[in-house]
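As structure tokens, the structure follows; a few thoughts come after it.
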Amino acid sequence: MKNLIVARQQQYLIESVKHVVQNGTNGLKNVLTVDIENKQGYTIAKGEENGEEIEYLVRFNVAADGRIEAVEKIGEMPISSAKEEIVGFKYLMEQECVFVGYEGGEIFRMGTIRRDTEFLGKFEKGIKACEWSPDQEVLVIVTGEDKMLVLNSEFDVEYEGEKRLVGGGEEGQEGGEAEVEGEEGENRFVSVGWGKKETQFHGKEGKEAAKRETKVYSRISENDTGKPKITWRGDGSVFAVSVCGKEGRKLRIYRREGILESIGEQIECLEGEVAWRPNGAIIAATEKLGHVYRVIFYERNGLRHYEFDLPTRVKKVKGIYWSNQSNILATICESVKGNGEVQDVIMVWVRGNYHWYLKQEFGEQEVGGKITSFQFDEDSQDNGLIHMIVDDGRERKYSQLNIILQVNGTKELVESNVSAVAVIDGNKALITPFEIANVPPPRGLFTIELQPQESIRSVDVLTNENTSEIGVLLTDDNGKYRVDVYSIFNECHEGEKYQQRAKLLQQKPQRICSLEMGEHEGFIRQLTFASVEGAGKAIYLLGNQYDSTRNINRNTLTRITIDGEKTTVEDIESIGAVEEPLVLLHRSITSRSESKMYFSTIHTDVYQINFEYDRSGVVDRIVQGKRGSKISKLEVVEMGDEGVIVLVLDHIGKLYQYIGYEEKVIASSCTSFFVHREYLLVTSANNEINTIAFIPMSFAGVTGENEIGSLENVNNINNTNNTNNINNGTDDNKPSHLKTAVTSRKIEKNCEIIMASPTRNAVVLQNVSRGNLETIRPHVLVISNIKQYLTSHQFRTAFDECKRNRIGFEIFTSDLALFESSIKEIIGQIGYSIENLNLLVTSFNVKSIDDNTRHRLCQLARDGLTSFNNHKYINPILTTFLIDHVDSSSNIINAITFLKNTTTSAAFEADRDVISDSIDYMLYLTSFDSIYKACLKNYDLEMALLVAQKSQHDPREYLSLLSKWNNTKDLDYRHFLIDDYLADYKSATSNLSKWCVASIANSQSNNDNDNENTVWKQLTDYLALHHFYKIALSLFKSNTKYHPILCLQYANYLFESKKDYYNSAIYYTAGNDLQNAILAYKLSNCWCEALILAKSFSNQSQLSELAKSLAASLYASDNSKKSENSLISAKILFEYCTSAELELGIDYLIKGFNWSEAVRVCSVRSRPDLIHSKIYPSLTDSYRALVDDITESLDQLKQKYTRLSELRSLPLSHFISLTFPPNAFQNQNASDPLAVDIDDSMSTAASSQFTTYTKFTASTSTSALSTMTAKQRRRELKKKDRGRKGTIYEEAYLVKSIASQISQKFAAFVARDVKQFNSVLIQFGLLDLASTLQTLAIDVVNYANSILDQVFDNQRQIDACLTEIYPKPSPLSTASFIIDFISSDC
């Protein structure tokens, strides 16, 4: 689907010929060779010295951007071409010389640096043909006696054929032995006769055909010169020799060493021109029959492969040439013009989908004369660069053509874009609008066919609002140019492409304009439309013109303006400001104006020519490209006032983005790209297509909000890296479908993007190798298109796109505000089918939608559906109930209720089958058990029976139960039986309690005590089984007889089963069981409530015993509140007991360290003796114990710190030896991080050895831990917690232990104990003891401050240790805070 675009045509004068030859050349043929490394060409020029004509070897520049400053003479040719024809002319890179071989047998080596000529030898029988291998290591020569020689680069003979290549030499020729007839070579081919009658099942006719002898009678073509021709494959491993004998011409295939591999299949009229495809096993040759002229192909085994026909005007093929990448085939032909004259024509062919397209045709007038030398550039970076020497009889020029493959198709981002692609095939343009019909090559939906003598140079397709136009630049065999403009779909309006497809397919391209350009002075090579709004059209023609006076080529630009019947042609002179050769002409894919056009140069510079303020145009360079890089494709995206984005794909696969002079590499292994409406599509060398979020655009152009920076989130796409390395930048404001900035998918190997439809989400790919088409629909493009439909309220189209591309319908809910405001419109558009609504509502049930959102969506859909017709949309409404996960059980009940209410209405009586169908539908969406139980929960036995009948259950399983329940007259008891069956014991208890209340009241009125007791027993038994006492209590609240009994039963249940002593005490009190209430209060430590109840009915002795018991239990209840509990216990004894219990209360205060309160009570109760007998001795004993405890803890802290300092002074190698065996580092590479020498100086007191150790083991820790079992991990954690001495865990254990001791134990000493003791010691006048304790506390704080920085080497370790000590956030979050906290209490 690609065309060959002439990116550049240049010609430079080599010499002016003194003796003019009319309609011919000056005799020099095939004398062009190129130094691809230095981009220099060598040829032969003629001069005159002392009146004699002399031939010189000359050198000139052949670079793509080169200018011939002067033709440099290298040396005089040893033999004149007028005497002997040159049969070998090749530049040898390593030897820095030009090899020259003459027909007479002489071979020379002409140095290009030393400028000397060396005679290498002479073959006495002459040389008919010679050819160097592509690596310039082997030279093959066919001598005058038709023998083959193989020489190496030093010109030593490696192989010499003993036999002649053909039999029957020429008259007078000394014959040697000819090669044996029937010789097949080592790889003899075997024909199995595919498709022939003698090998197929054709019955009698096939048998007779097998007996007949078939022989091909070959003959020599009238164009055959009889000379042999040698051609090499690109890798230099094999070569082929085409030789001519009396019985015709044959093709012989040899290995590099000269060993015959195979002989080509006999062809009737095989000609001498032959060329081996560089990258394959195909050999091209020509066959001229009486009725057809063909290019035929041989396989390496000598079998004929396939062929294609040349145009009928071809008279002779003078040469066949392959491009270095094997994708372009050029034939040099003699072609008959319309007036009968014969001229040389270059025909350039490209193969696609097993068809050969004639892409370009160049006559003598366009290249500058007859072609005497022709070759493709051998550099892989210049695949389409052609070097030629042309001769018009007056001048010999070097001519250069550069052709590149480009897709000519519509690029405009408008909705009416039909995605048309134009393919050139000789005098035909094949048009395929992929938006309408996907016609595979080599055919097209429409064909524009010109006259046989005309050929198409360039074609372009433009899409306007309601039509698509095709511009064709063509030339005839006289070099005259013409521009034709065709229109297709000129009556196509919005939406018509789909609704009236048949009508559109019947339309044919109509020529609306034709402009004769005449014999243009220059070479016109490209035609490009300018985007113009309205009826007017602007067409730009890019070309160049050779200035013979200055020997340079100038760029030319012509503008054709078509406005109705008025046509204006004007040359844009301002283009002359650009001296560099221009390569490609472009328009912006987003602009709707002709005021700006864009050009790219051979240096990948991009120029803008602006006609907005000056009709002659203002040229400005907007991109400065990379020197040495070549443009393969370029696109321009105008962003209004924000500038221009230029995307450039170079010849090595790098895709650049330019914004002004700012350059960024988007992809480094790109094979093709296409700018879609919102995305950039990129295919990479690893056979993936990447969809990159680019610039949001509307169909009318660029929207106000653009995301130029979105490309900044994309890393390079390398051919060696997986695309998972692409940075998937996200935007949380976008829907979940469009979160990723880059998505990718695999595609077929060697596929490139041809076209991407802006409306059908279709991306058309073409396999470069075979040429077949493949259409894919990338998910992100489909999503983008669907969202466009949703935004424009085309809900039916969006729904159909979802169904067609298997997209989840939850995309309808991605914009909740739009869905809520348009729910009725959505139902109206897609509600023509109930199944559509069911699918839409069911999509609410995906995991990506949370329960609250789903509930809201179901409510919105239900409200919208019910506003139309409940009867019509009953199934979608039921779906909204069934998929709502918020209180799903009640939703099924609501669905059953809705179904029953709808089907029992008077308007619905006519169709009773709907209820049955609805039940079937509900059973499809959810399980039978859910619906059956929902019917029972609704106590609808009739509906439950209908549902049960739809199931596969045995009727005996449900008929007996339903009958039993239906026969139960009392509704409360029936509901109780149903709830009990459904295991809804709470509701069953409520219904049973209601029934019991009514039954008991009825029995009491009838004095039926037996029935009353039976009913009561059933209730109490059920409550004892399921314990829903509160429900029963609420219903028996007014019954004074049974309410206290239920309270006592509930209290016993709470006391014995739940151990809820406090609540059980409350219900014991409500049931008038005060003894058990006091016991329950006592067990719950509610001493106030217990004493209040006891005071009301107990005597003093009982109250005193209860108080002592409460005090003792409260004191022993919670050690963490020992001080507070001891104070309360003493208070209880002092208030409710006699004075005999005073000493016991004092003991409680002393044990709780409430020294001041104990002294106060002794003073109030006039017992000063207790101060000296109890309080003072206990105070001094506790003081000594506290001092010893603080001292011991301080000593432990010092020991831990000392050990920690010792560990941190040890070298790192010590810790590694604890983990790895002695030979762990043997046989290690120098690059291995564990193989480095361990330096003891790496260990310092300020850095953690454990942390350093883990740095070296980080690379292996993950894999090691991942392979450990759960038991091994637990064992390893226990080792870490123990911190055994000498292990790698010891340091971390010491740091954690020191942090714990400072933050917990020392803080408790200073904040609580020291403060309390100092206050009491001062009251007793023990100032020395108080001072000693204060000094000890200060020492603790100072020591902790002194080791703080050494223990906690950084705040990270401090926080890590404290996090383990305090799982929840603690006020002691840092070591400095700990010290401040302790210091504040000192």
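Here are some notes:
- Pairing each residue of region 1036-1059 that is on the phi < 0 side of the Ramachandran plot and basic (Lys, Arg) with any residue that is open to solvent by 20 Å² or more (accessible area, probe 1.4 Å) and in a helix (DSSP H, G or I), provided the two are 6+ apart or on different chains, yields C-beta distances under 7 Å for Lys1037/His1043.
- Residue list for region 960-969, filter: surrounded by 14 or more Cβ atoms within 10 Å (Cβ to Cβ) and in contact (Cβ under 8 Å) with a residue 12 or more places away in the chain: Leu961, Leu962, Trp965
- Which listed residue is surrounded by fewer than 23 Cβ atoms within 10 Å (Cβ to Cβ), closer than 24 Å to Gly234 by Cβ and of a type outside the set (Ser, Thr, Tyr), from Glu415, Glu378: Glu378
- Whichever residue in region 813-865 is part of a loop (DSSP other than H, G, I, E, B) and within 21 Å of Ser792 (Cβ to Cβ) and, among such residues, is nearest to the chain's Cα centre (by Cα): Ser814
- Entry remark, region 1144-1181: residues being touching a helix residue (DSSP H, G or I) at 6+ places or on another chain (Cβ under 9 Å), loosely packed, with under 14 Cβ neighbours inside 10 Å and under 30 Å from Asn1099 (Cα atoms) number 1 in total.
- Residue check, Gly104 in contact with an Asp or Glu (Cβ under 6 Å, 6 or more places away or on another chain) and on the phi < 0 side of the Ramachandran plot: yes
- Among (1) within 45 Å of the chain's Cα centre (by Cα); (2) surrounded by 18 or more Cβ atoms within 10 Å (Cβ to Cβ) - the single one Tyr293 does not satisfy: (1)
- Lone unmet requirement of (1) in a helix (DSSP H, G or I); (2) at positive phi for Ile1150: (2)
- Of all residues in region 456-486, those satisfying the criterion of being in contact with a strand residue (DSSP E or B) (Cβ under 7 Å, 6 or more places away or on another chain), open to solvent by less than 10 Å² (accessible area, probe 1.4 Å) and among the hydroxyl-bearing types (Ser, Thr, Tyr) are Ser458, Ser468, Thr475, Tyr481.
Table: residues versus (1) charged (D, E, K, R); (2) modelled with pLDDT of 90 or more; (3) part of a loop (DSSP other than H, G, I, E, B).
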residue: Gln400; (1), (2), (3): no, no, no
residue: Glu412; (1), (2), (3): yes, no, yes
residue: Glu415; (1), (2), (3): yes, no, yes
residue: Val418; (1), (2), (3): no, no, yes
residue: Val423; (1), (2), (3): no, yes, no
residue: Leu430; (1), (2), (3): no, yes, no
residue: Ala437; (1), (2), (3): no, no, yes
residue: Pro441; (1), (2), (3): no, no, yes
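Yes or no, residue by residue, for (1) modelled with pLDDT under 70; (2) among the β-branched types (Val, Ile, Thr):
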position	(1), (2)
Leu139	no, no
Gly144	no, no
Glu158	no, no
Gly167	yes, no
Val190	yes, yes
Phe201	yes, no
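- Remark: pairs (first residue in region 357-375, open to solvent by 10 Å² or more (accessible area, probe 1.4 Å); second residue in a helix (DSSP H, G or I); Cβ separation under 7 Å; 6+ apart in sequence or on different chains) = Lys370/Glu364.
- Restricting region 686-701 to residues that are surrounded by fewer than 23 Cβ atoms within 10 Å (Cβ to Cβ) and modelled with pLDDT of 90 or more, the residue that is farthest from Leu413 (Cα to Cα): Asn686
- Any hit, region 467-483, residues being of a type in the set (Lys, Arg) and at pLDDT 75 or above: yes
- In the set Ile1092, Ile1066, only one residue is β-branched (Val, Ile, Thr), assigned to a helix (DSSP H, G or I), free of Cβ contacts under 8 Å to residues at least 24 places away in the same chain and crowded, with 16+ Cβ neighbours inside 10 Å; that residue is Ile1066.
- Single residue of region 252-278 satisfying the filter (open to solvent by 20 Å² or more (accessible area, probe 1.4 Å), outside any strand (DSSP E or B) and modelled with pLDDT of 90 or more) that is nearest to Tyr293 (Cα to Cα): Arg277
- Answer residue from region 517-563, given it is surrounded by 13 or more Cβ atoms within 10 Å (Cβ to Cβ) and not in a strand (DSSP E or B) and is modelled with the lowest pLDDT among those: Val532
Okay, residues lined up against (1) in contact (Cβ under 8 Å) with a residue 12 or more places away in the chain; (2) under 21 Å from Ile892 (Cβ atoms):
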| residue | (1), (2) |
| --- | --- |
| Ser833 | no, no |
| Leu837 | yes, yes |
| Val841 | yes, yes |
| Ser848 | yes, no |
| Asn852 | yes, yes |
| Leu865 | yes, yes |
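- Subset of region 870-884 (residues that are closer than 19 Å to Leu839 by Cβ and open to solvent by 50 Å² or more (accessible area, probe 1.4 Å)): Lys872
- Residue pairs whose Cβ atoms lie under 7 Å apart, separated by 6 or more positions or on different chains, with the first residue in region 1177-1192 and farther than 13 Å from Val1314 by Cα and the second open to solvent by less than 60 Å² (accessible area, probe 1.4 Å) and in a helix (DSSP H, G or I), are Ser1178/Ile1150.
- Tabulated pairs, region 147-168, first at positive phi, second among the acidic types (Asp, Glu), C-beta under 9 angstrom, 6+ apart or interchain: Gly168/Glu247
- Of all residues in region 386-398, those that are in a strand (DSSP E or B) and not hydrophobic (A, V, I, L, M, F, W, C) total 6.
- Residue that is nearest to Ala1032 (Cα to Cα) [pool: residues in region 937-978 that are among the β-branched types (Val, Ile, Thr) and part of a helix (DSSP H, G or I)]: Ile978
Listed here are the residues, each with its yes/no results for (1) of a type outside the set (D, E, K, R); (2) buried (at least 16 other Cβ atoms within 10 Å of the Cβ); (3) in contact with a Ser or Thr (Cβ under 6 Å, 6 or more places away or on another chain).
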position	(1), (2), (3)
Glu565	no, no, no
Ala577	yes, no, no
Val583	yes, yes, yes
Ser591	yes, yes, yes
His603	yes, yes, no
Tyr613	yes, no, no
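- Of the strands (runs of 3 or more DSSP E) lying entirely inside region 740-801, those containing at least 2 residues that are closer than 21 Å to Leu413 by Cβ and at pLDDT 90 or above are 751-756, 763-767, 773-776.
- Restricting attention to region 467-481, the residues that are aliphatic (A, V, I, L, M) and over 12 Å from Ser455 (Cβ atoms) total 1.
The values are calculated or read from the model by the stated rules, or taken from the named source; none is laboratory data. Keep in mind that what you see is a predicted model, and the values were worked out from it rather than measured. FYI the Cβ positions are ideal-geometry reconstructions off the backbone, even for glycines, and counts take in every protein chain you see. These accessible areas exclude ligands, DNA and RNA; they are computed on the full protein's heavy atoms, side chains included. Shrake-Rupley method; radii C 1.70, N 1.55, O 1.52, S 1.80 Å.
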